[in-house]
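Nothing in this text is a laboratory measurement; each read-out follows from the coordinates by a stated rule. All figures in this text were calculated on a predicted structure; none of them were measured in a lab. A quick note on method: Cβ atoms are made from the backbone with ideal geometry, for glycine too, and the neighbour counts reach across all protein chains shown.
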Amino acid sequence: MNRIFYYELKRLICNKIFVGLFIVNGVLAWYLLTRDIIAGIAYTAPFSAWSFGAYLGKVMPFCILAILFLLSFYYSKKQKSVETLTAQTPVSPGQFLAIRIAVLFVCFLLICMLIIGLSIFFYIRFFDRYPFFDFLLPTVLILPPCFVFSTGIGLLAGRIHQNLLYFLMLVVFVLGFSNISSFFDFFGAGYFVSAPLSLAVDAFGEPAFHISLPFYLARFLYFAGGIMLIMINVRLSEKKARKA
């Protein structure tokens, strides 16, 4: 299994398209930091947890677009020829799909390390500070649910038809610019921008960082829903192999 994992990982990471997506995400992240976040979000400090959460929410659509684009490789015509070789391995289709999901996660993690690393440099360079522990909660609330749910629904869409994946990318793109302020906002940017405006401020004019229960529940539902979709895809892969 390790050999298959490293083979699949090498196929994606060494791909010119992944390198291009990696660079594009970095450029967009730096643009957001220096043009938007530097002024602070919703009258909060640029280095507040509110601003950092908004930053992650604003850059996350581009990260998810990159993952969905990489996922589309698995359903291309070229991939069909590769599957004839992988079918000869002792790994079951369900295990093979799990390996591919793990590879996608590594790619997602690399992109997230880039955008978070750029934010660290940004806060140190411009404000001489980086409140690491204050940023842990926004990171946990945004990154895992977005990846798991997008991967789950992307696998299901690609299984039905490859073009559905491209339609899903369009949906992600539209959602990324929809500025939804509800707690159900998938990427969370709208919530982190609007929530501070309804909270009381302290002596320094800064609202305390407080996440509402509905937002916690929404993130849990996205994460749990994504896990269920991934499990469904794994079972469908196993079922298809038994029929064959």
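Helix 49-72 and the longest principal axis of the C-alpha atoms of the chain enclose an angle of approximately 20°. At R0 = 45 Å, how high is the FRET efficiency between ASN2 and LEU197 if r is their beta carbon distance? Nearest 0.05 is fine. Step by step, r from the Cβ atoms, then E = 0.35.
Round to the nearest 10 and give me the degree value, 0 to 90, for the angle of helix 213-243's Cα axis relative to the longest principal axis of the chain. Computed tilt is about 10 degrees. The calculated FRET efficiency for the pair ASN179 and TYR43, based on their C-beta separation and a Förster distance of 22 Å, comes to about 0.80. Taking every Cα-Cα distance in the chain and sorting them into 5 Å bins from zero, the calculated P(r) comes out as 1, 6, 13, 17, 18, 15, 11, 8, 6, 3, 2, 1, 0, 0 percent. Distance between the C-alpha centres of segment 122-182 and segment 1-50: 11 Å, rounded to the whole angstrom. Ordering PHE62, PRO93, PHE167 by Cα displacement along the dipole of the chain toward the positive end leaves PRO93 in first place; charges were set at the Cβ atoms of Lys, Arg (+1) and Asp, Glu (-1).
Is it possible to state the helix-based mean residue ellipticity at 222 nm for the chain, with each DSSP H run of 4+ residues giving -39500 (n - 2.57), the sum divided by total residues, to the nearest 500 deg cm²/dmol? What is it?
Calculated at 222 nm, the ellipticity per residue is -25500 deg cm²/dmol.
Only lysine pairs 8 or more places apart, or on different chains, with alpha-carbon atoms under 29 angstrom apart are counted in the chain, and they number 19. Its alpha carbons considered, segment 117-243 gives a radius of gyration followed by a Dmax of 18.5, 67 Å.
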